[in-house]
């Protein structure tokens, strides 16, 4: 399982990358592996104010649908439009394809570093 050390993670399998004053958010390698072949990414509303942990979008695969959660309170300011036509980008390179960008209202709390995410993922598999 690929877990880049420079990113931060949520317990719900989103990765978070600081992008200037914004947070770029995507799904982890483990999440895309568990979901299988992705067929839809969306329901992300640019301009929507979200609370930390609130649903910010959805990903659907041939196996299941899964909510995407905001890693912090703030405003969704962008959606990766390329994923509308090619959601498989998340299967191919999950850490290169961000899903949405968030302008946080405050510093995100409770994000995991790579080692803590690995430990949480291992515990979840048991």
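Any read-out appearing in this document is the output of simple, stated calculations on the displayed coordinates, not a laboratory observation. Here the structure is a predicted model, which is why all the values come from computation and not from measurement. Ideal geometry is used to build each Cβ from the backbone, glycine not excepted, and the neighbour counts take in all protein chains shown.
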Inset, instruction - Report the residue, chosen from 67, 19, 37, that carries the largest GNM mean-square fluctuation when the chain is represented by alpha-carbon nodes joined by springs under 10 Å. - result: 19
Legend entry - Footprinting exposure proxy for 95, 117 (fewest neighbouring C-beta atoms within 10 Å first): 95, 117
Inset, instruction - Give the value in nm², to one decimal: projected area of the alpha carbon convex hull of the chain, averaged over all directions. - result: 7.0 nm²
Legend entry - 222 nm mean residue ellipticity, helices alone, for the chain (DSSP H n ≥ 4; -39,500 (n - 2.57); rounded to 500): -5000 deg cm²/dmol
Legend entry - Highest-MSF residue in the chain out of 42, 57, 20 [GNM, Cα springs under 10 Å]: 20
